[in-house]
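Only one structure is covered here, and it is reproduced in the block below.
The values are calculated or read from the model by the stated rules, or taken from the named source; none is laboratory data. What you see is a predicted model; the values in this text were computed from it and never measured. A quick note on method: Cβ atoms are made from the backbone with ideal geometry, for glycine too, and the neighbour counts reach across all protein chains shown.
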Amino acid sequence: MRIYNAKVYDTENKTFFDGGVTYEDGVITEVIRGECAGDTDAGGAYLLPGLIDVHSHGRGGYDFMSAEPEQIAKCLIHYLRHGITTVFPCVMTAPLPDIYKAIENIKNTKSPINIDGIHVEGPYVSPKRPGCHNVSQLRFLYADEAYRLVQTIKPLHAHFTMAPELEGADMFIKVLKNNGATVGIGHSDCKYAEAMHALDIGCDSFTHTFNAMRELRHREPGTVGAALSGRAYAEFICDLFHVDGAVLDLSYRAIGADRFVIVSDSISAADMPDGRYMLSGMAVNVKDGRAVNDEGVIAGSTSNVFDGLKNLMKATGEPLEKLAVTATANPAKQVGIYGECGSVTVGKRADLLLTDGNDVLMTVCRGVTV
């Protein structure tokens with residue numbers, strides 16, 4: 001199969017070029033510069049790598065913590081309409097048996113998209129910055145638990161969110177890294193120096209920057225200050241509710257295009273009407289697309305990565321070619337899967353998004369037009 005007459009994205013140079021892409025058996029076999037013929041005429045539309053969401057709790061009425069494999073498969077179809085071809089489903093703070101059950105259900109799903117890994121967001125986070133997480137279910141940073149969770153998640157990649165100021169953090173991080181996991185700092189009250197130390201010993205990123213972390217202050221930069229230093233990847237929920245557009249712009253100017261990562265943090269209410277939904281057993285109320293729990297605490301989003309990319313373009317004034325990496329290459333690099341996806345490159349999966357810059361025109365996942 002070949003898509004032609006497209007503006008193909010060049011990730012390395014952050015530019016588009018006129019050309020096409022050939023793929024067979026789910027793999028990109030040729031990237032063509034210049035005129036060519038083929039099977040699908042893109043009509044001059046932009047051809048991007050399929051988008052990647054490394055932080056999502058569900059969509060379409062389904063929650064990854066409670067859904068069975070058949071339900072998860074139905075849930076994942078919703079991602080395709082937004083050009084998302086790879087996702088890291090989130091398991092979150094809950095009793096350990098519930099977390100293990102959710103992991104097994106995710107692994108047993110016959111998925112219509114790529115599940116390359118699982119994001120463990122809690123229970124290893126700070127009671128001072130829990131967000132909507134259930135404080136009564138938070139746990140100490142036991143290194144042996146980290147090891148068992150990573151082994152259970154394999155052969156999928158494991159990505160953890162944790163608070164590095166908690167007791168036992170250094171060993172916890174080292175065990176995760178030694179066993180192939182990536183680690184994000186989040187739901188954390190750590191000071192700037194503590195965060196920088198965590199980066200030095202292996203942490204890779206910051207989880208939904210600004211939300212549920214120690215604020216930036218002029219004498220104590222805090223967790224946010226460490227995220228804005230640009231030393232590591234920093235996730236942002238770009239729904240303009242979790243973080244104001246002006247702050248997204250300031251953050252982008254500080255971090256730069258190559259470390260900024262768009263995530264959805266979507267919950268089961270995404271792609272659904274306003275109403276009452278569940279997030280890992282917690283009731284969530286959605287009004288005007290904004291999700292809060294019964295105490296009024298923000299509880300995830302109803303957004304998606306494609307809309308987040310458009311919001312970031314609006315907030316920063318930057319063009320698509322400059323920012324496309326924030327939803328493709330950057331999240332792939334953050335969680336260690338850039339060898340498989342995240343760019344339009346020969347040998348990588350044929351995960352592709354055709355867009356006019358405003359709407360998703362076509363999604364190709366593993367070579368199948370969906």
(message) Restricting to the range 248-286, count the residues that are in contact with a Phe, Trp or Tyr (Cβ under 7 Å, 6 or more places away or on another chain) and more than 14 Å from residue 58 (Cα to Cα).
(response) 8
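Results for (1) of a type outside the set (Gly, Ala, Ser); (2) out of contact with any Asp or Glu (no Cβ under 7 Å at 6 or more places or on another chain); (3) without any contact (Cβ under 8 Å) to a residue 60 or more places away in the chain, shown as yes or no for each residue.
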site: 36; (1), (2), (3): yes, yes, yes
site: 39; (1), (2), (3): yes, yes, yes
site: 53; (1), (2), (3): yes, yes, no
site: 72; (1), (2), (3): yes, yes, yes
site: 84; (1), (2), (3): yes, no, no
site: 87; (1), (2), (3): yes, no, yes
site: 104; (1), (2), (3): yes, yes, yes
(request) Please find, among 205, 264, 229, the residue that is out of contact with any helix residue (DSSP H, G or I) (no Cβ under 7 Å at 6 or more places or on another chain) and not aromatic (Phe, Trp, Tyr). (result) 229
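Conditions tested, residue by residue: (1) closer than 30 Å to residue 162 by Cβ; (2) in a strand (DSSP E or B); (3) out of contact with any helix residue (DSSP H, G or I) (no Cβ under 9 Å at 6 or more places or on another chain).
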position	(1), (2), (3)
16	no, yes, no
20	no, yes, yes
31	no, yes, yes
36	no, no, yes
43	no, no, yes
47	no, yes, yes
55	yes, yes, no
65	yes, no, no
(message) Return the residues of the range 254-279 that are over 23 Å from residue 313 (Cα atoms) and aliphatic (A, V, I, L, M); say none if nothing qualifies.
(response) 267, 269, 272, 278, 279
(message) Which count do you get for residues in the range 81-113 that are buried (at least 19 other Cβ atoms within 10 Å of the Cβ) and either of a type in the set (Asp, Glu) or assigned to a helix (DSSP H, G or I) (or both)?
(response) 5
(request) Determine whether residue 291 is part of a loop (DSSP other than H, G, I, E, B), out of contact with any Pro (no Cβ under 6 Å at 6 or more places or on another chain) and on the phi < 0 side of the Ramachandran plot. (result) no
(request) Six or more apart or on different chains, Cβ under 8 Å: which pairs go from a residue in the range 347-367 that's assigned by TED's automatic domain parsing to the domain that holds residue 116 to one that's aromatic (Phe, Trp, Tyr) and exposed (fewer than 15 other Cβ atoms within 10 Å of the Cβ)? Could you list them? (result) none
(message) Between 158, 193, which is outside any loop (DSSP other than H, G, I, E, B) and free of Cβ contacts under 8 Å to residues at least 12 places away in the same chain?
(response) 193
(request) Report whether or not residue 122 is at pLDDT below 95 and in contact with a strand residue (DSSP E or B) (Cβ under 6 Å, 6 or more places away or on another chain). (result) yes
(message) For the range 234-250, give me each residue that is surrounded by fewer than 24 Cβ atoms within 10 Å (Cβ to Cβ), in contact (Cβ under 8 Å) with a residue 24 or more places away in the chain and within 12 Å of residue 316 (Cα to Cα).
(response) 245, 246, 247, 249
(message) Tell me whether the range 167-182 contains one or more residues that are closer than 23 Å to residue 297 by Cα, outside any loop (DSSP other than H, G, I, E, B) and either free of Cβ contacts under 8 Å to residues at least 40 places away in the same chain or not assigned by TED's automatic domain parsing to the domain that holds residue 211 (or both).
(response) no
(request) Would you kindly identify the helices (runs of 4 or more DSSP H) lying entirely within the range 297-340 that contain at least 3 residues that are among the hydrophobic types (A, V, I, L, M, F, W, C) and over 13 Å from the mean Cα position of the chain (by Cα)? (result) 305-316
(message) Checking residue 133 against (1) buried (at least 20 other Cβ atoms within 10 Å of the Cβ); (2) modelled with pLDDT of 95 or more; (3) under 25 Å from residue 261 (Cα atoms), only one condition comes out false. Which one?
(response) (2)
(message) Can you pull out every residue in the range 23-73 that is polar (S, T, N, Q) and under 30 Å from residue 276 (Cα atoms)?
(response) 56, 66, 71
(message) Among the residues that make up the range 146-153, is at least one of them part of a helix (DSSP H, G or I), surrounded by fewer than 16 Cβ atoms within 10 Å (Cβ to Cβ) and of a type in the set (A, V, I, L, M)?
(response) no
(message) Which of the numbered conditions does residue 113 fail, given that it passes all the others? Conditions: (1) in contact with a helix residue (DSSP H, G or I) (Cβ under 6 Å, 6 or more places away or on another chain); (2) more than 29 Å from residue 342 (Cα to Cα); (3) in contact (Cβ under 8 Å) with a residue 60 or more places away in the chain.
(response) (2)
